[in-house]
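The values are calculated or read from the model by the stated rules, or taken from the named source; none is laboratory data. In this text, all values refer to a predicted model and were calculated from it rather than measured experimentally. Glycine also receives a Cβ, built like all others from the backbone with ideal geometry; neighbour counts cover every protein chain displayed.
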Amino acid sequence: MAQFIDRRLNGKNKSTVNRQRFIRRHKQKIKEAVSDAVNHRSITDTESGEDITLPKRDISEPAFHQGQGGLREKVHPGNDQFVRGDKVERPPNGSGSGGSGEGDASADGEGQDEFIFQISKDEYLDILFEDLALPNLQKKQVNRITEWKTHRAGYQTAGIPSNISVIRSLRQSLARRTAMSAGKKRLLNELEQQLAELKEHEPAKPLAEKDIKLQIEELRQNLRRVPFIDTFDLRYKNYEKRPIPSSQAIIFCLMDVSGSMDQATKDIAKRFYVLLYMFLNRTYENVEVVFIRHHTQAKEVDEQEFFYSQETGGTIVSSALKLMDDIVKERYPTHQWNIYAAQASDGDNWADDSPRCKKLLSEELLPICQYYSYIEITRRSHQSLWHEYEKLEQEYDNFAMKNIRTVEDIFPVFRELFQKERS
């Protein structure tokens with residue numbers, strides 16, 4: 001009879017394979033839950049995972065159970081009413097004893113039990129940014145963005161069960177068993193030959209035969225004790241991440257902080273940029289980010305000031321576009337850098353400035369940008385800036401514009417803007 005001895009150390013991730021299988025099986029439901037959760041998280045909450053709630057009906061699995069009808073014999077302990085052969089009437093449908101809870105019945109239709117599944121920060125971000133990429137990323141002169149691709153890299157003696165190499169493990173097992181039993185088998189053959197010679201010898205030597213038989217039995221027991229496979233036979237496929245040569249990129253984040261941007265609108269803009277910033281940091285190691293805030297004047301700021309400064313004023317959008325153009329010419333040569341921009345505004349702008357914005361984009365920025373995205377955060381009808389930008393969208397393939405009305409629109413719009421191109 002085979003015996004299995006678990007000699008694995010008491011690791012923390014013994015259920016990793018089951019967890020990964022569960023995520024793969026219910027990935028669509030988890031993605032929907034993550035997409036919904038991202039709209040309700042704090043804009044500063046980028047370091048935690050997420051509790052995913054799934055209806056139990058969506059994770060139910062097939063099961064065998066007894067069908068209705070038929071005859072079954074059961075033995076119930078403590079029976080003092082029936083004897084063998086008695087037939088027990090079935091309770092009528094719906095008359096079985098229910099629970100004794102104290103709650104009131106619901107009049108709002110059927111309910112569903114829920115299953116709460118917690119995913120880690122890495123799993124949350126992987127699902128959140130799956131199938132997203134910077135559009136039109138091209139290889140330039142200097143390669144600094146580090147993207148990674150997983151490659152096979154031989155074998156190792158530790159790993160998770162799903163990476164076990166059966167063939168390599170059995171090969172190690174065979175080598176070990178051969179090394180451990182070769183000498184014993186050689187000695188066993190010699191003893192069996194001696195025993196055969198003694199049996200043919202006249203006169204018989206029963207004491208010598210008995211001694212050899214004991215040695216043979218002991219050797220056979222020792223051979224049987226050699227385990228078929230042991231923990232140090234196991235070999236796991238090893239994988240390593242290797243950098244893929246790519247191109248360096250700079251992305252400009254332009255945000256309107258004028259007086260017409262109320263706090264709710266600013267919060268939506270910040271949520272969009274937090275998503276963008278998390279996406280860049282998660283996907284590309286060496287992408288640089290330039291933050292520009294503007295009202296009547298534009299200013300390059302750091303991450304902290306971009307998200308949390310209370311400065312406000314009037315609205316001249318072209319000041320931000322002009323500052324972006326100056327920074328590109330000063331620090332980011334177009335033959336070395338992939339240039340991206342994301343602009344967020346409520347659409348309010350000085351009327352005479354909107355044509356100037358269109359001119360700056362068409363003549364200076366769009367010819368050098370890989371991709372320029374504009375989001376307008378408003379529930380009202382669009383104004384002059386939107387109408388000027390619509391002309392650009394028809395003319396340039398690398399210009400995209402979307403309207404966000406509520407917090408729930410943020411993530412769908414974000415995915416549309418940065419959907420990975422199909423190869």
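Miscellaneous remarks
- Residues (in the same structural domain as L187 (by TED's automatic domain parsing), in a helix (DSSP H, G or I) and hydrophobic (A, V, I, L, M, F, W, C)) located in segment 217-272: L219, L223, F232
One line per residue, one yes/no per condition, for (1) within 30 Å of R21 (Cβ to Cβ); (2) at pLDDT below 70; (3) surrounded by 10 or more Cβ atoms within 10 Å (Cβ to Cβ); (4) over 23 Å from the mean Cα position of the chain (by Cα):
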| site | (1), (2), (3), (4) |
| --- | --- |
| R41 | yes, yes, yes, no |
| D58 | yes, yes, yes, no |
| V75 | no, yes, no, yes |
| E89 | no, no, no, yes |
| G99 | no, yes, no, yes |
| A107 | no, yes, no, yes |
| E110 | yes, yes, no, yes |
| K121 | yes, no, yes, no |
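- Taking first residues from segment 362-381 that are within 13 Å of S345 (Cα to Cα) and partners that are among the β-branched types (V, I, T), the Cβ contacts under 6 Å between residues at least 6 apart in sequence or on separate chains come to I375/I404; I377/T265; I377/I268; I377/I404.
- If you filter segment 333-367 down to residues that are in a loop (DSSP other than H, G, I, E, B) and modelled with pLDDT of 90 or more, you find that the one that is surrounded by the most Cβ atoms within 10 Å (Cβ to Cβ) is L366.
- Qualifying residue in segment 163-176 (condition: exposed (fewer than 13 other Cβ atoms within 10 Å of the Cβ), in contact (Cβ under 8 Å) with a residue 12 or more places away in the chain and either under 30 Å from T16 (Cα atoms) or of a type outside the set (A, V, I, L, M) (or both)): no
- Which listed residue is touching a residue at least 12 places away in the same chain (Cβ under 8 Å) and surrounded by 16 or more Cβ atoms within 10 Å (Cβ to Cβ), from L187, L234: L234
- Residues in segment 385-402 that are more than 18 Å from Q419 (Cα to Cα) and surrounded by fewer than 15 Cβ atoms within 10 Å (Cβ to Cβ): H387, E390, K391, Q394, E395.
- Filtered by the rule that a residue be over 19 Å from Y273 (Cβ atoms) and either at pLDDT below 70 or over 15 Å from the mean Cα position of the chain (by Cα) (or both), segment 25-39 gives a lone residue, D36.
- When segment 368-381 is filtered for residues that are surrounded by 15 or more Cβ atoms within 10 Å (Cβ to Cβ) and of a type outside the set (V, I, T), the ones remaining, listed by number, are C369, Q370, Y371, Y372, S373, Y374, E376.
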